[in-house]
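S.K.: This is the structure, below, for whatever I ask next.
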Amino acid sequence: MLHPPNILVALGARFLAAHRSRRMRARGWAASAQKRHAAALRRQFAKTAYGRMHGVEPGMDDKAWRERVPLSTYESLSPHLARMRRGEADVLWPGQCSFFVNSTGTTEGAPKQLPVTDGMLRHFRRAGLDSLFFYIARHGASVLQGRHLCLGGTPGLSPLLDSRTHSAFSGELGAIAALARPAWAEARWEPGQDIAQMSDWTAKIEAIARHCAGLDVRLVAGLPHWLPHIAAALFEEQARRTGKRPATLREVWPGLECVVHGGTPLAPFAARLRALCGLGVNFHEIYPAAEGFIAAQDAEPEAGLRLLADAGIHYEFLPLADYDARRLAWLGPRALPLQAVRPGVDYVLVMSTPGGLARHVNGDIVRFVSTEPARLLHTGRTRLRLDAFGEHVLEKELTDALAAVCARQGWQAVDFHVAPLPNNSLTGRKSGGHEWWLELLAGSEVNPTGPVIAPLLDNELRRLCHDYDARRREGMLLPPTVRLVMPGVFEQWRRVHGKWGGQHTMPRCRGDRHVADELAKHAPFHDAV
């Protein structure tokens, strides 16, 4: 297949980015797009068994939609999804479904398989292009004149064994997104199918380094924690080739200008990653999920991520204060449309997608920074937050606290996890504190200890989180404990639990001690307050 020259692709992308940017600046643009997609989705849902069961009708208004269609979870939809995987048509979406995406998140349990219809493929293409246009509008289109290295999972698709009447396949999000990738983007994609298919991630990283060391790589995309591993392998490869070991990725790839990241907060690790990349590299954040591509950066990081309101998905927002996993079936009327949200409030994300998920609660918590334009932050997960003592701490507060402390002290975080640490009180009063498991990059000018770090994190969290501060003042929440672990403890935990490689992420906090107790088994040394 012939592909247009890089310069023509860059010029075309720059024109489209400017055109799209002008349209999206119009006041009320996002709300108007959401209304249009809501109507289109309801017309399709009305043709399905699930839609008929809940009284969905073409043209139904928002009030009827909220009252008739309950909020759904993967568990509540599981029987319907099983029918779709077996090849039954018109269950959650008109027709049969041939592709399913395997989710790999931070919560426990077996991987989830979500339907990917033609409509979802169009969504991934539209959302991916919008994210790219956001970057080009800010930094220009020179990124399209080189290669793009994607550090995703294995891109292959596997046949579904429970599919009886038609051919159906499942794969990781990267494999599904590749089905929607335009030909001109495919021509720039690295590291190629042979390397991408490798399942041994240690060997895969080494193969990527050998293959890409001499290429003009302009963009690297993937989870942030893979960058140090790629950098180390590249530096070794370059030293073997030239006899000189580089210090930054820009020394290996002089044209490198963009790191696309998402799936885990960057803040605590930003200083280390920027030092690895070198001067002149931009970081571009995206918010992907197996259920859909939700938001992308279109301004400075502190402005939040722009909601991708015109990519085929309809969003609703349930106030976190109203959320109760045991009462979801009755909370549907409380979910708000985009035009009713307020900045600074935490909401549980509710999605209706062209894959057949109607009012689906995917477990994400978001907070709007602004509503015109609609920009938000991912602040945590409903199942992954600290609330054992009424402190209501989300992942964002933990990552922001650690980032602030590290920035002031000149430390660089490698990995961390926070868990509740109950206090065995003879009075029976429920109290306790937080236990931080933390790995810092070796080589700091001042070698910190747990007793030094703990009050710094405590003070920062008291500043960031009102409920945390209130529980500390009341004595219900004790000062935190910090355990500094030796290098390799988190990597060992990931390997043992099958979270080394691909799109797996570390749960930064949990309401129980499952991860913390497992880390203790792998920690040969720890330094506690």
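Every residue, every condition in (1) assigned by TED's automatic domain parsing to the domain that holds Gly511; (2) within 30 Å of Tyr287 (Cα to Cα); (3) touching a Leu at 6+ places or on another chain (Cβ under 9 Å), yes or no:
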site: Val405; (1), (2), (3): yes, yes, yes
site: Val414; (1), (2), (3): yes, yes, yes
site: His417; (1), (2), (3): yes, yes, yes
site: Ser431; (1), (2), (3): yes, no, yes
site: Thr449; (1), (2), (3): yes, no, yes
site: Arg463; (1), (2), (3): yes, yes, no
site: His466; (1), (2), (3): yes, yes, no
site: Arg473; (1), (2), (3): yes, no, no
site: Pro480; (1), (2), (3): yes, no, yes
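So that you can scan it fast, the table gives a plain yes or no per residue for (1) touching a Phe, Trp or Tyr at 6+ places or on another chain (Cβ under 8 Å); (2) buried (at least 21 other Cβ atoms within 10 Å of the Cβ); (3) of a type in the set (S, T, N, Q):
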site: Cys406; (1), (2), (3): no, yes, no
site: Ala419; (1), (2), (3): yes, yes, no
site: Gly432; (1), (2), (3): yes, no, no
site: Pro451; (1), (2), (3): no, no, no
site: Asp458; (1), (2), (3): no, yes, no
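S.K.: Which of (1) modelled with pLDDT of 90 or more; (2) hydrophobic (A, V, I, L, M, F, W, C); (3) surrounded by 20 or more Cβ atoms within 10 Å (Cβ to Cβ); (4) not in a strand (DSSP E or B) is the odd one out, the single condition Val220 does not satisfy?
M.R.: (4)
S.K.: Looking only at region 340-385, which residues are among the aromatic types (Phe, Trp, Tyr) and either more than 20 Å from Gly28 (Cα to Cα) or buried (at least 21 other Cβ atoms within 10 Å of the Cβ) (or both)?
M.R.: Tyr347
S.K.: Let me ask another. Go through (1) over 25 Å from Ala39 (Cα atoms); (2) surrounded by fewer than 19 Cβ atoms within 10 Å (Cβ to Cβ); (3) in contact with an Asp or Glu (Cβ under 8 Å, 6 or more places away or on another chain) and name the single condition Pro337 misses.
M.R.: That leaves (1) as the condition not met.
S.K.: With the condition being closer than 22 Å to Asn423 by Cβ, I'd like the helices (runs of 4 or more DSSP H) fully within region 450-502 carrying at least 2 qualifying residues.
M.R.: 450-464, 466-474
S.K.: If you don't mind, there's one more thing I want to ask. Which residue is modelled with the highest pLDDT, if the candidates are limited to region 405-449 and must be over 30 Å from the mean Cα position of the chain (by Cα) and of a type in the set (D, E, K, R)?
M.R.: Step by step, filter region 405-449, then rank; the result is Lys430.
S.K.: May I pose another question? Since Glu316 meets every condition but one in (1) surrounded by fewer than 20 Cβ atoms within 10 Å (Cβ to Cβ); (2) in contact with a strand residue (DSSP E or B) (Cβ under 8 Å, 6 or more places away or on another chain); (3) among the acidic types (Asp, Glu), which condition does it not meet?
M.R.: Unmet for Glu316, out of (1) surrounded by fewer than 20 Cβ atoms within 10 Å (Cβ to Cβ); (2) in contact with a strand residue (DSSP E or B) (Cβ under 8 Å, 6 or more places away or on another chain); (3) among the acidic types (Asp, Glu): (1).
S.K.: A further question on this structure: For Ala358, all conditions in the list (1) over 21 Å from Ser78 (Cα atoms); (2) in contact with a Phe, Trp or Tyr (Cβ under 6 Å, 6 or more places away or on another chain); (3) modelled with pLDDT of 95 or more hold save one; what is the number of the exception?
M.R.: Just one mismatch for Ala358, condition (1).
S.K.: Here is a further query. Give me the pairs, please: first residue somewhere in region 222-240 and farther than 19 Å from Gly488 by Cα, second residue anywhere and not small (Gly, Ala, Ser), beta-carbon distance under 6 Å, and either six or more positions apart or on two chains.
M.R.: That search, which allows pairs on different chains as well, returns Gly222/Leu151; Leu234/Val252; Phe235/Arg245; Phe235/Pro246; Glu237/Arg210; Gln238/Pro246; Gln238/Val252; Ala239/Arg245.
S.K.: Have a look at Leu179, Leu160 and point out the one that is crowded, with 19+ Cβ neighbours inside 10 Å and either over 23 Å from Leu234 (Cα atoms) or not basic (Lys, Arg) (or both).
M.R.: When all the criteria are applied, what remains is Leu160.
S.K.: I need the full set of residues from region 36-55 which are crowded, with 21+ Cβ neighbours inside 10 Å, out of contact with any Phe, Trp or Tyr (no Cβ under 8 Å at 6 or more places or on another chain) and without any contact (Cβ under 8 Å) to a residue 60 or more places away in the chain, in order please.
M.R.: none
S.K.: Just for region 110-154: of the residues that are among the hydroxyl-bearing types (Ser, Thr, Tyr) and not in a helix (DSSP H, G or I), which one is modelled with the highest pLDDT?
M.R.: Ranking the candidates gives Thr117 first.
S.K.: A follow-up question, please. Taking Pro265, is it of a type outside the set (A, V, I, L, M), modelled with pLDDT under 90 and in a loop (DSSP other than H, G, I, E, B)?
M.R.: yes
S.K.: Inspect all residues belonging to region 191-199 and state whether any of them is surrounded by 17 or more Cβ atoms within 10 Å (Cβ to Cβ) and in a helix (DSSP H, G or I).
M.R.: yes
S.K.: OK, next. What is the number of the single condition among (1) small (Gly, Ala, Ser); (2) at pLDDT 90 or above; (3) in contact with a strand residue (DSSP E or B) (Cβ under 6 Å, 6 or more places away or on another chain) that Ala89 does not meet?
M.R.: Condition (3) is where Ala89 drops out.
S.K.: Somewhere in region 147-169, is a residue acidic (Asp, Glu), touching a residue at least 40 places away in the same chain (Cβ under 8 Å) and more than 18 Å from Ile208 (Cβ to Cβ)?
M.R.: Yes.
The values are calculated or read from the model by the stated rules, or taken from the named source; none is laboratory data. The model shown is predicted, which means the values in this text are computed figures rather than measured ones. Backbone-built Cβ (ideal geometry, glycine too); neighbour counts: all protein chains shown.
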